[in-house]
1. For region 314-328, what are the residues that are aliphatic (A, V, I, L, M) and in a helix (DSSP H, G or I)?
2. Taking the criterion of being closer than 29 Å to A228 by Cβ and either of a type outside the set (V, I, T) or within 16 Å of the ligand (Cβ to nearest atom) (or both), would at least one residue in region 366-382 satisfy it?
3. Quick one: would you say K394 is basic (K, R), more than 16 Å from the ligand (Cβ to nearest atom) and at pLDDT 80 or above?
4. Name the single residue that is nearest to A164 (Cα to Cα) among those in region 38-55 being at pLDDT below 85 and more than 21 Å from the chain's Cα centre (by Cα).
5. So which residues in region 241-276 are hydroxyl-bearing (S, T, Y) and within 12 Å of the ligand (Cβ to nearest atom), if there are any at all?
6. If only one of S305, S293 is within 11 Å of the ligand (Cβ to nearest atom) and either at pLDDT below 85 or among the polar types (S, T, N, Q) (or both), which one is it?
7. Output the qualifying pairs, or none if there are none: Cβ atoms under 6 angstrom, residues six or more apart or on different chains, first residue in region 337-356 and hydroxyl-bearing (S, T, Y), second residue within 11 Å of the ligand (Cβ to nearest atom).
8. Consider R101 against the criteria (1) modelled with pLDDT of 85 or more; (2) basic (K, R); (3) within 30 Å of I271 (Cβ to Cβ): it satisfies all of them except one. Which criterion is unmet?
Amino acid sequence: MPLKTRVYTLLLVLTTVLAVAITWSADPYAFETSHLVTAAILLVMIVVAEVLDISFPQSVITFHVSVSAAFSFAAGLTAGPVLGGLVVALAHIIDGVIARRQPIKTTVNAAGMGLSTVASSALYFQLAEPDRSTIGSFQNLLAGILAAAVYTLINTGSLSLIVAPVMGLGPIEMWRINWGGLHVELLTLVTLGSLIPVLIRENPWSIVLLIVPLLLGPHLAFKGIRQAHHETRVVMEGLADALERRDPYTYRHSIRVTEHVRTILAAMPQIHRPTAEAIIAAAHVHDLGKVGSQDGSLKKPAELSPEERQEIEQHPAIGAEIVSRLEAYRQSIDTIRHHHERWDGTGYPDGLQGERIPLGARIIAVADAFDAMTSDRVYRAALSKEVALAELRKGRGTQFDPQIVDLFETAIATRSLPAVPPVERESRHAPDAPDALARPFAWGKRVLPRLLARRPQAS
Ligand SMILES: [Fe+2]
């Protein structure tokens, strides 16, 4: 976990405590008995909504835009900033315990949601007419909309700030990427919270009825979206697999790279599950852009000409462009585009350096190079696991993220490598390989290793 993430988490907790203290000192009637029953019901509703985990994953990470946001917002509008904020924070702590989340994730959720509730509620009660309901006057409606906007900004802003260092992005970039397409759902859900206080005024228990429209409906909708994403990924992975069949030396390369990526991610339990899934999805199709490269360049058993190299080096950008049109890969575009960047900034296509390279791209770079080295190539036989790991160590801090190399080396030590089918040496066994490629192999096996001996390089 990056130091920045820990520091930002601590600052978020302190800010939340400070906000509660300030609003408490300004409101001596923060814990009215009449609000306690309502607060308890809202607490249960928030926990139920979180446990059912109706959320909308978008872009690089999943913001928890569950219906619990509506109940959290409503808690602030009904019970006031102090009691509402405490209820929301407590609900997320209970949810974290039930879901067995890492303490830091539970802390971020509880503090972020708590602060959003305190700030939005305080703003609402500053602006609203006290004798009217949340929808009882134009002034109160406007106050509710502004409070919802504040809730949204604080919630997504604090999460972006804390997660950005983990993803190797700037906080503003992180927020901007995730904001696109999310605002409609988020504002709709949060604004819905304005109606809940009206129901509570009638009868606090009436909000239990909302379980059907707010929990069941989104559940069914989200199930359909997930199915569509799954089918899209199956088709794209089939295309990537078919593409690799063109060359017997790269056959099933992406599948093995994906297994190595899974190995690395298993050693990084702090990575949010949807984020890990997006990185795995990217690994499956990371070389899809080679569909735009000529067979002659891909299979050439000798040093590439500058033009051929330029053509090959376009494949990350082409791959990113292809998947950019598919919602199922929305979180994977940058990972695919940057999987040939180098830690020292001399990679391609954009020459990103260090943690500016997306985390998923840094992980795939290590897995990609390792599989390239432990597989037969037209110019050399497969290297052993030990030799390949030694080569990765040489590229530690220059080509690769040193932390990823260390994690992979530790994780792979106890695992056997995924099976690599031996490459048939005759062209007749390689259905898509032109005959011309089979002939230079014997020559290439003797001479090319010396000509092409170089740093570890992904295929
Ligand atoms: Fe690649």
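1. Initial filter on region 314-328 (aliphatic (A, V, I, L, M)): 317-318, 320, 322-323, 326, 328.
Passing the criteria: A317, I318, A320, I322, V323, A328.
2. Residues of region 366-382 closer than 29 Å to A228 by Cβ: 367-368.
Checking which are either of a type outside the set (V, I, T) or within 16 Å of the ligand (Cβ to nearest atom) (or both) leaves us with 367-368.
Yes, region 366-382 contains at least one residue that is closer than 29 Å to A228 by Cβ and either of a type outside the set (V, I, T) or within 16 Å of the ligand (Cβ to nearest atom) (or both).
3. Numbers: basic (K, R): yes; more than 16 Å from the ligand (Cβ to nearest atom): yes; at pLDDT 80 or above: yes.
Criteria met by K394.
4. Applying the first criterion (at pLDDT below 85) to region 38-55 yields 48-55.
Retained after the next criterion (residues that are more than 21 Å from the chain's Cα centre (by Cα)): 48-49.
Values: V48: 29, A49: 26 Å.
Looking at residues that are at pLDDT below 85 and more than 21 Å from the chain's Cα centre (by Cα), I get A49.
5. First, the residues of region 241-276 that are hydroxyl-bearing (S, T, Y): 249-251, 254, 258, 263, 275.
If the condition is that a residue be hydroxyl-bearing (S, T, Y) and within 12 Å of the ligand (Cβ to nearest atom), then T250, S254 are the ones that fit.
6. Values: S305 fails: within 11 Å of the ligand (Cβ to nearest atom).
Going through S305, S293 in turn, the sole match is S293.
7. So the pair list comes out as Y348/E313; Y348/H340.
8. (1)
The values are calculated or read from the model by the stated rules, or taken from the named source; none is laboratory data. In this text, all values refer to a predicted model and were calculated from it rather than measured experimentally. All Cβ positions, even for glycine, are placed from backbone atoms using ideal geometry, and neighbour counts span all protein chains on display.
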